[in-house]
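Take a look at the structure set out below.
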Amino acid sequence: HCLAVRAVCRRDIDCDRRSGYSWKITLLRNYWKSKVKQEWLSGKYSNIPSQHSLPEKSMYPMDVDTWGEILEAELER
């Protein structure tokens, strides 16, 4: 699980590890973020007609760099 989460949230995982968090805590801190980010990057929400159509778990607090990655992926589609 840790490697799958790191594949999507490398910057966050590496930062947590440098800060001294254990792998267990790092995984707990980043698991849902990685799931949401992967769904956005895969285009799951590309053709949503309004914010009311988004599933409840489609949002997660993410930094500006992460949203930039998602925007770049959308622009490439």
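The values are calculated or read from the model by the stated rules, or taken from the named source; none is laboratory data. From a predicted model like this one, the values you see are computed outputs, not experimental measurements. Here Cβ is always computed from backbone atoms with ideal geometry, including for glycine, and neighbour counts include all displayed protein chains. Ligands, DNA and RNA are stripped out before the accessible areas are found, and what is left, the full protein with its side chains, is counted by its heavy atoms. Shrake-Rupley method; radii C 1.70, N 1.55, O 1.52, S 1.80 Å.
Could you order the peptides 5-13, 25-33 from most to least packed, using the average number of other C-beta atoms within 10 Å per residue?
Per-residue mean Cβ counts within 10 Å order the peptides as 5-13, 25-33.
Only one of the values (1) 3, 16, 30, 26, 16, 7, 2, 0; (2) 3, 15, 25, 24, 16, 10, 6, 2, 0; (3) 3, 15, 20, 16, 12, 11, 8, 8, 6, 1 was calculated from this structure for P(r) over Cα pairs in 5 Å bins from 0, in percent; name its label.
(2)
Using only Cα atoms and rounding to the nearest 10 degrees, what angle (0 to 90) does helix 64-76 make with the longest principal axis of the chain?
40
With +1 on each Lys and Arg Cβ and -1 on each Asp and Glu Cβ, and nothing else charged, work out how big the dipole of the chain is about its Cα centre, in Debye to the nearest 20.
That gives a dipole near 420 debye.
Going by Cα centres, segment 21-36 and segment 37-77 are how many Å apart?
19
In deg cm²/dmol and to the nearest 500, what is the mean residue ellipticity at 222 nm of the chain if only DSSP H runs of at least 4 residues count, each as -39500 (n - 2.57), divided by the residue total?
Taken over the chain, the calculation gives -19500 deg cm²/dmol.
Counting only protein heavy atoms, what percent of the accessible surface of the chain is carbon or sulfur at a 1.4 Å probe?
56
Using the heavy atoms of the protein chains alone and a 1.4 angstrom probe, what is the accessible area of the chain per residue in square angstrom?
Ligands and nucleic acids excluded, the result is 72 Å² per residue.
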